[in-house]
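The values are calculated or read from the model by the stated rules, or taken from the named source; none is laboratory data. Note that this is a predicted model, so its numbers are computed, not measured. A quick note on method: Cβ atoms are made from the backbone with ideal geometry, for glycine too, and the neighbour counts reach across all protein chains shown. What goes into the accessible areas is simple: the full protein's heavy atoms, side chains included, and nothing from ligands, DNA or RNA. Shrake-Rupley method; radii C 1.70, N 1.55, O 1.52, S 1.80 Å.
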Amino acid sequence: MDPKMLIFLIPAAALAAGILIGTLKAGHHSHHHGMFGHKHGEATVSIDMYAFQSALYSLNPMFKTIYAITLLMLSVCMNNLYVSVLILLLSTFIIVVLGKLPFSRFLNLMTIPFVFLIVGTIVILLDFSWEPAAGALGSVHLFNFYINVTKTGLTTTVLLWGKCLGAISAMYMMSLTTPSGELFTVLERMHVPSLIIELMNMMYRFIFTMMDTQSRMKNAAESRLGYKDYRTSIKSFGSTASNLLVVSFKKANAYYDALESRGYDGRMHFLQEEKKAPGRERVLAVLSVVYLFAVFFVLR
Amino acid sequence: MSDLKNKNTMNKKHDETPLLRIRGLKYAYSNDKHALNGIDLDIWNGEKLAILGANGAGKSTFFLNLNGVLKADAGSIELDGVKMSQNKKDLNRLRSSIGIVFQDPDNQIIASTVRGEVSFGPMNQEIPVEEVRIRTEAAMKRMDIEQFADRAPHYLSSGEKKRVAIADIIAMHPEIFIFDEPTAALDPASSQMLEGVLDRLSDEGRTIVVSTHDVNFAYRWADRIIVFKDGKIIAQGTPDEIFRNREVLEAANLHEPTLMTVTDHLKSAGLIPESSDNPRSVEAFVRMTKELTALSEKTTDTGVEQSA
């Protein structure tokens, strides 16, 4: 084995061990149900809720966002499997061990992009040809053509998976520790137009009020046998949806009245708590980025 | 306190200017009959005003008119003796001075954190950000929601949301607080919390207007009661005046406060002397019965001594 590999293997093993120990430790005093799969429509809400419960919630959102975006860029631009795997492990470590999110929940969230990843890379992995490709790792004869897995196809796919998972985990690191409201403020500081920020704010708020209304209407329909079979389900769903539209118009009116009565003049300003910029965390973040650069140059 | 009550009952004779003077206020929704049909009302500084009336009697419409959210078709509003027109400056003045706590907090709360939400009103009042911060923190402390400051409003219980909705308005430092059916959909503990808030606000001399369907609450809390029907004020007066008025009760579909009925019956049965005042709250009722028992024990005691 190339001794240069140690620069990758040591931190990778350390992070993996950290995640394992953290998970085992947490497993001792918290039992939660459901390893995989979530109830319908819960995914977005749970991400939002995890952010509030995260142990890293109190960190400055600007810092978290910049760090996450840096890791994302490194994973995508360096085009280096080792770097990406390290980023994946690092983000997982931060989310699970430092942020104290149960590992199973994180795994559960990772399944969502994973499905897209598999579907998206299948064409890259598999090579179709009329004759068995020379030097293929394996090929299957089907009707009158061959499906081959070549070495280049495989390496590209693995690299792609690494890059994507690294990037996704970095983004999860941000969204699982930073509530949406704070992200909006960060975007505002980055000079995203205020119109967009306000729209995001309102959409975020309305997602929850609308979901609430929808689930209440659905329950009401269900309790009157509105979902007893496929046909009625379709019908009930249709009327619930159209009703939801009417309700949202009404709600929009009521909202507008309430906003106006508090002096709304077309601009929306909210006070946001200033979270102090972290000291130690900042140093660690910079060190980790420097280290990733080192890995990149050594294992290029 | 009693000064205030006198002022309220005799407000017509009073030459002092009311905090808010409303004359001939009319408002119609498009394609609808008149929602408000000529409202005349004076609201005095520091009073506790309850507004009763069936759903659709025009209470909420009236509030939105006071605040300039709905633009009245006719009539005038005077704030502190100054006539308010419908230009932007006056509308902002009205919205700053009259704060409405809406019935459903979910139709009021807009921000993604509680702190942001409470700061929304003061931010619009164009006061320095430092002052906004102070007011926001004070209002949250006041409503005991500091611990939720950075939480998203949709993870709060309905009682907690109500507290946020009230803090929203407290942070604006309005002269008049309007509560639109505040106890609707609240559990008993939250209702009690709300009455505590109302009491504290009026102890500080704030002017409070509450619309409600709860006659028992109106009876024990209000200095003055206004009865709405079909977009008109059909009666106004002290709680005793209103609830003694059979015609008004019938017209507005109201019933007597329980305590009033009970006391009246006890009086006619001779268990309570006719001359004693009707207690308006359960506490007052208990106090009265205790005093009466103490009194009767005293008389029997002296009676025993005399016979001996």
What are the extents of the Cα atoms of chain B along their three principal axes, in Å, largest first? 80, 45, 35
Post the alpha-carbon centroid distance, the range B:167-195 to the range B:36-108, in whole angstrom. 17 Å
In whole Å, what are the Cα extents of chain A along the three principal axes, biggest one first? 70, 61, 44
Among beta bridges that DSSP assigns inside chain B, antiparallel share in %, nearest 5: 55 percent
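What is the mean projected area of the alpha carbon convex hull for the protein assembly as shown, to one decimal in square nanometres? Intermediate results must be reported in sequence, preceding the final value.
Working: hull surface 176.2 nm².
Averaged projected hull area, Cα only: 44.1 nm².
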Nearest-0.05 FRET efficiency for B:Glu256 and B:Lys232 at R0 = 25 Å, using Cβ-Cβ distance, is 0.65
Per residue of B:101-111, count partner chain C-beta atoms within 10 Å of its C-beta, then hand back the mean as an integer. 6
Total charge of the residues flanking A:Leu183 in space, meaning their Cβ is under 15 Å from its Cβ, with Lys and Arg +1 and Asp and Glu -1, is -2
In degrees rounded to 10, the 0-90 angle between helix A:61-77 Cα long axis and the longest Cα principal axis of chain A is 40 degrees
Residue by residue through the range A:145-156, the couplings from Karplus 6.51 cos²θ - 1.76 cosθ + 1.60 with θ = phi - 60°, in Hz, x for Gly and Pro, are 9, 10, 10, 10, 10, 9, 5, 5, x, 5, 5, 4
Under a crude label model (7 Å from the Cα following the beta-carbon direction), how far is A:Leu245 from B:Leu295 in nanometres? 6.9 nm
Over the protein assembly as shown, what is the percentage of antiparallel beta bridges among all DSSP beta bridges, to the nearest 5? 65 percent
Which residues among the range A:157-190 fall inside the zone where the amide N is under 16 Å from a point 7 Å beyond the Cα of A:Leu299, along Cα→Cβ? A:158-167
Tell me what the protein assembly as shown gives for mean residue ellipticity at 222 nm when only DSSP H runs of n ≥ 4 count, each as -39,500 (n - 2.57), the sum divided by the residue total, rounded to 500 deg cm²/dmol. -18500 deg cm²/dmol
Lysines within cross-link reach of A:Lys218: Cα-Cα under 29 Å, excluding same-chain residues under 8 positions apart? A:Lys39, A:Lys228, A:Lys235, A:Lys250, A:Lys251, B:Lys161, B:Lys162
How many angstrom lie between the Cα centre of the range A:109-147 and the Cα centre of the range A:1-27? 31 Å
Treat each spin label as a single point 7 Å out from the Cα along the C-beta direction, and report the A:His191 to A:Ala133 distance in nm. 4.7 nm
With everything on Cα atoms, drop me the angle between helix B:88-97 and the longest principal axis of chain B, reported from 0 to 90° to the nearest 10. 30 degrees
Evaluate E = 1/(1 + (r/R0)^6) for A:Cys77 and B:Asn55, where r is the Cβ-Cβ distance and R0 equals 56 Å; express this FRET efficiency to the nearest 0.05. 0.35
Mind checking how much accessible area A and B bury in total, 1.4 Å probe, in Å² rounded to 100? 3300 Å²
Ignoring ligands, DNA and RNA, what percent of the accessible area of the range A:175-300 is carbon or sulfur (1.4 Å)? 65 percent
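If you filter the range A:47-151 for chymotrypsin sites (Phe, Trp or Tyr not before Pro), then keep DSSP loop positions with at most 16 other Cβ within 10 Å, what is left?
Numbers: sites: A:Tyr50, A:Phe52, A:Tyr57, A:Phe63, A:Tyr67, A:Tyr82, A:Phe93, A:Phe103, A:Phe106, A:Phe114, A:Phe116, A:Phe128, A:Trp130, A:Phe143, A:Phe145, A:Tyr146; in loops: A:Tyr57, A:Trp130, A:Phe143.
Answer by residue number: A:Trp130, A:Phe143.
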Return, ordered by residue number, the residues of the range B:255-281 whose backbone nitrogen is under 20 Å from a label point located 7 Å along Cα→Cβ of B:Arg246. B:255-269
In degrees rounded to 10, the 0-90 angle between helix B:129-142 Cα long axis and the longest Cα principal axis of chain B is 30 degrees
If the cut-off is 27 Å between C-alpha atoms, which lysines fall inside it for A:Lys4, apart from same-chain ones fewer than 8 positions away? A:Lys151, A:Lys163
Label-point separation (nm) for B:Gln192 and B:Ser281, each offset 7 Å from Cα along Cα-to-Cβ? 1.3 nm
Report, ordered by chain and residue number, the aspartates and glutamates lying within cross-link reach of B:Lys88, taken as a straight Cα distance under 15 Å and ignoring same-chain residues fewer than 8 apart. A:Glu260, A:Asp265, B:Glu126
If you roll a 1.4 Å probe over the heavy atoms of the protein chains, what accessible area per residue do you get for the protein assembly as shown, in Å²? 52 Å²
Value of Rg to Rh for the range B:33-141 (Rh from inverse mean 1/r over Cα pairs, i.e. Kirkwood): 0.99
Difference of contour (0.36 nm per residue) and Cα-Cα distance, A:Lys228 to A:Ser46: 62.7 nm
Could you sort the peptides B:251-264, B:172-185 by per-residue average Cβ neighbour count (10 Å cutoff), highest mean leading? B:172-185, B:251-264
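Using the alpha carbon gyration tensor of the range A:137-202, what are the three equivalent-ellipsoid semi-axes (square root of 5 times each eigenvalue), largest first, in whole Å?
Details: eigenvalues 404, 40, 20 Å².
Three semi-axes, in Å: 45, 14, 10.
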Whole-angstrom gap from the range B:205-245 to the range B:128-162, using each part's C-alpha centre: 31 Å
So if I place +1 on the C-beta of Lys and Arg and -1 on the C-beta of Asp and Glu, and nothing else carries charge, what would the dipole magnitude of chain B be about its Cα centre? I want it in debye, nearest 20. 860 debye
